[in-house]
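What follows is a set of notes on a single structure, which appears directly below.
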Amino acid sequence: MSEQISEWSTAVLDLMQESVVLLDCKARIVHWNAAAQALYGRCIDDVRGLRIDAVLQTRGGPLLDASDAAGKLDGWQGDVQRIAANGTDVTVRLRCTVRHDRDGAALDIVETGVDITAQKQAEDALRRTEHRYFNLYQAAAVSFWELDFSVVAAKVRNLASLGVKDLRTYFSAHPEFVHELIKATRVLDVNDQCVRMFGRGDKNELLGDLSRFWPLHSYRVFAESVIAAFSGMPGYAAEASFVTLRGDHVDTWFTSSFSPDMLARGKILVGIIDLSASKAAMSALFASEQRYRKLFQFVPVSLIQIDRAELANHFAALRAQGVTDLAKHIEATPGFVDMALNSIRIVEVNWKTVELFGAHDAAELLGPVARLWTESRDTFQHSMQTVYNGGASFQGEIRIRTFTGQVVDVLYVTDFPEAAREPALGLACLVDISERVRAQQALAKTQAEFAHAARVSVLGELTASIVHEVNQPLCAVLSNAEAALRWIDRPEPNLGEVRTLSTRIIRDVSRAAEIVQRIRALAGGKEPERLPVELNRMIEEVMVFLSPELARQDVQATLELDPQQPCVLGDRVQLQQVLVNMAVNAIHAMASRGSGARRLVIRTRNDRLSLVRVELEDTGPGIAADHLDHLFKSFFTTKADGMGIGLAICRSIIDAHGGRITAENLAAPGGARFSFSLPACA
Ligand code: ADP
């Protein structure tokens, strides 16, 4: 067929802007023009004789095969996608015609096409955008209204022609005119959210008269919106309340936008967001905040709001430097405690705190905590260690000095929100326990007096029994010695009698010594019980008993208890007596020293597998070297009012338990260590 196309025809076809393709009955390419070559990127010589669907991978249209389709299809037009030589997709608007000979047999197919790729892409993009906006419009939590504003616009323009210049003044003088404008506004379209918010399920119900939704008291919002529209502003927004078709009121955030092309068509777009839920949440929050404030202010316990952010940052920096033991760091850093006390700030206090400190008002107490925390610095250090080690709260008894100079015992409780990585704004609570402490101290004093009285009476009894029991052999010794002297003083001394008397004297002295031995055994108490005793538990019990005395003498006690302690077999009460005796001695030794830190450490450890050891270390004056050998002897004392039987009793108890008791001096910074070891329970 190609030979049927003359050169002249080819030249004419090449002048055409449309692509022209000539196909035979089998849809094989016979010729295509220059526009087709440009569109598909192939030269006719490369494609001649090939089926067009194979060359261009046509999608979207029927494959015109004139031989089979001749009867059915004379032509076709529509858009198809094809792939050009460089692999790009092209969209072509085709028009195909099947040509027939005089007998009606199919001759060939002529296809003309226009490249609409760019147009198609633009259309698709537009469709996608529209779809997106439509979805947004429908799904948004905003209720959208399209309003017909044309009558309003006309009425307002009419005002101008009547000489009204200031719309705001006019509207506030004529609110009925604004109502007229509201009535003249028509709802043209609304989205789904609007139906949910204002309607009863049927969108059509919402269309039409706007005044059904616009209560009288919201007329100002309408008026301002109109003023904004006519003063060329792009939009207007305000809080407004509306009425729904269900009859309820909703608090909303109202926005109207005046796009010039919409305004020109007499339309405006309004968006309304429901604020009722957030308003209710806000007012609930406000109410709970108010409740909390009231509670904070009026609760009859001292409450203090503390900002520890600066210290928290400091601690974070220390951790980053690898500091794990804060106590050690504090010891090595002079001024650390003062720095910490100055970095913590009191931001709020309640009336009870003002009263506790004897201040005039709350403001006097605000600022760095250093001004208020002048006593019990050890406890402050402990609380810092607690938060540093990740503790969530701390509780301890401290002393505060009030503005009137009084020292008050208080229970200090605080939380550390920073432990939960929350802002370091903590709450501290102070409870005045001075009454309780006074009562405890009185009790402890009475206990001490009783103990003293008991010791005196024990001694009295001992003395009486010593006198009673020892008197007799002593009298015998005396009379025998006197008789012996008389036998010796004779002109003829009778040595036989002297021997007999001396033998008696030895017998009586031995008896007296036996009696003393018996009395000492008595002082050690009754035959001890033999039950398993957990020393760590026992020490903790003793601490409860000792705590008033420790507090009274300002002694800081630390327990270093080996958790792997085996039990011992013994008499719990007697062993407690030993511990109390040694601890009270240590407390008094430290008190006698006057100045210096008062620290008592009670430690347990396993000396060997079979021995359990308890040690008490103090920071007192220690023991004079020449006293060390006498401490455990009865009646050895260096105290003006001492009896010197405490340690003797301790020794007899420990001896009776098959253990050993020792005393020694500590190297720097001085002080004494009393220890006893007992056989571990098998
Ligand atoms: P008392 O307490 O009545 O003096 P003790 O037998 O309990 O009787 O103590 C004997 C002496 O041992 C005390 O007077 C004191 O000199 C000395 N002593 C006991 N404990 C300590 C101690 N922790 N530090 C220094 N000396 C101590």
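General observations
- Residue-span extension gain [Arg99 to Glu205] - 0.36 nm each, minus C-alpha spacing: 32.3 nm
- Extending 7 Å from the Cα toward the beta-carbon at both Arg537 and Gln297 defines two label points whose distance is 5.2 nm.
- Pairwise FRET efficiency - Thr662 versus Val498, Cβ, R0 = 60 Å, nearest 0.05: 0.80
- Normalising the Debye intensity of the chain to I(0), with uniform scatterers on Cα atoms only, and taking log10 at q = 0.10 Å⁻¹ returns -1.08.
- Taking 0.36 nm per residue of separation and subtracting the current Cα-Cα distance, fully stretching the chain between Val431 and Asp74 would add 118.2 nm.
- Expected 222 nm ellipticity per residue - DSSP helices of 4 or more, -39500 (n - 2.57), all of the chain, to 500: -14500 deg cm²/dmol
- Contour excess over end-to-end distance, with Cα ends at Met339 and Val413 and 0.36 nm allotted per residue: 24.5 nm
- Between Ile488 and Phe403, the modelled label-to-label distance comes to 8.7 nm, taking each label 7 Å out from Cα in the direction of the beta carbon.
- √(5λ) per eigenvalue of the Cα gyration tensor, the stretch 173-331, largest first, Å: 54, 21, 17
- Applying a 4.7 Å Cβ-Cβ cutoff to the chain leaves Cys25, Cys43, Cys96, Cys194, Cys429, Cys475, Cys650 as cysteine residues with no disulfide-compatible partner.
- Of all aspartates and glutamates in the structure, those lying under 14 Å Cα to Cα from Lys633, and not within fewer than 8 positions of it along the same chain, are Asp655.
- Computed P(r) (all Cα pairs; the stretch 552-682; 10 Å bins; percent): 12, 43, 35, 9, 0
- The spacing between the stretch 269-342 and the stretch 35-56, judged by their C-alpha centroids, is 77 Å.
- Residues Leu366 and Val323, FRET efficiency given R0 of 35 Å [Cβ-Cβ distance, rounded to 0.05]: 0.70
- 32 Å Cα-Cα threshold exceeded, pairs from Lys165/Lys267; Lys165/Lys203; Lys183/Lys279; Lys26/Lys120; Lys203/Lys279: Lys165/Lys203
- Both radii are taken from the alpha-carbon atoms of the stretch 535-618; with Rh as the Kirkwood radius, Rg/Rh is 0.99.
- Calculated FRET efficiency for the pair Leu216/Ser393, C-beta based, R₀ 41 Å, to 0.05: 0.10
- A crude spin-label estimate for the pair Asp53 and Val509, with each label 7 Å from Cα along the Cβ direction, gives 14.2 nm.
Each value in this text was obtained by applying a stated rule to the coordinates, not by laboratory testing. Note that the coordinates shown come from a computational prediction; the quantities given were computed from them, not determined experimentally. All Cβ positions, glycine included, derive from the backbone under ideal geometry; neighbour counts span all protein chains shown.
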